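Input: a single structure, listed below in structure tokens.
The values are calculated or read from the model by the stated rules, or taken from the named source; none is laboratory data. Since the structure is predicted, the reported quantities are computational estimates derived from the model, not experimental observations. Counting neighbours? That spans all protein chains shown, and the Cβs are built from the backbone with ideal geometry, glycine included. Ligands, DNA and RNA are excluded from the accessible area calculation, which covers all protein heavy atoms including side chains. Shrake-Rupley method; radii C 1.70, N 1.55, O 1.52, S 1.80 Å.
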Amino acid sequence: MQRRDFLKLSAAMAGAATLPMSLEAFGAKDPVRVGVLHSLSGTMAISETALKNTALMTFEQINAAGGVLGRPIEPVVVDLASNWPLFAEKARQLITQDKVAAVFGCWTSVSRKSILPVFEELDHHLHEPVMIGEVKADGQFDVVWKTKGPVRAQPWSPFIAGNEPKQDR
């Protein structure tokens, strides 16, 4: 496994590991629906298709091991088509219509900025696959910065124990 594949897998698994904390709000033995929000066509498809595939592979591995608290993960995959104005609409659809417990995705800063108002308004949580690094001359990814351990969720996320809703609500 190449370093970049390991980093992508690690990011997806770290996000999936937080799902058990968000399951109390959802039905007993129903599948855990999670959104996968990436551009699978257009200019960003070359970068984001691998992230979608990594997330799906991780969900398959978790399901093969018995799921999350005995419940299978059911991914709902959405193609953002590298169309920035479409991002907020698709994020809202995942949360309000598809009723996902969490969303994995938004590789670029413009995609995260586009959907942030929706996630704040609906008090939902996004797991972002973000790495800071550079591609070396041999094509391998070299990590320049990474966290030293778990990162506390953003304060607006009610799905992580210990976080409180925003005070301005």
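What the table shows:
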item	result
Any hit, the range 78-96, residues being touching a residue at least 60 places away in the same chain (Cβ under 8 Å), touching a helix residue (DSSP H, G or I) at 6+ places or on another chain (Cβ under 9 Å) and not acidic (Asp, Glu)	yes
Flag if GLU60 is part of a strand (DSSP E or B), surrounded by fewer than 19 Cβ atoms within 10 Å (Cβ to Cβ) and at pLDDT 90 or above	no
Members of the range 100-111 that are open to solvent by 30 Å² or more (accessible area, probe 1.4 Å) and touching a Gly at 6+ places or on another chain (Cβ under 9 Å)	none
Selected residue (criterion: modelled with the highest pLDDT) from residues of the range 24-38 that are small (Gly, Ala, Ser) and more than 14 Å from the chain's Cα centre (by Cα)	ALA28
In the range 116-129, residue modelled with the lowest pLDDT [restricted to those that are open to solvent by less than 40 Å² (accessible area, probe 1.4 Å) and at negative phi]	PRO129
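Here is a yes/no grid of residues against (1) of a type in the set (Phe, Trp, Tyr); (2) at pLDDT 80 or above; (3) open to solvent by less than 20 Å² (accessible area, probe 1.4 Å); (4) under 27 Å from ASP30 (Cα atoms):
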position	(1), (2), (3), (4)
LEU56	no, yes, no, yes
ALA65	no, yes, no, yes
TRP84	yes, yes, no, no
ASP98	no, yes, no, yes
SER114	no, yes, no, no
GLU134	no, no, no, no
THR147	no, no, no, no
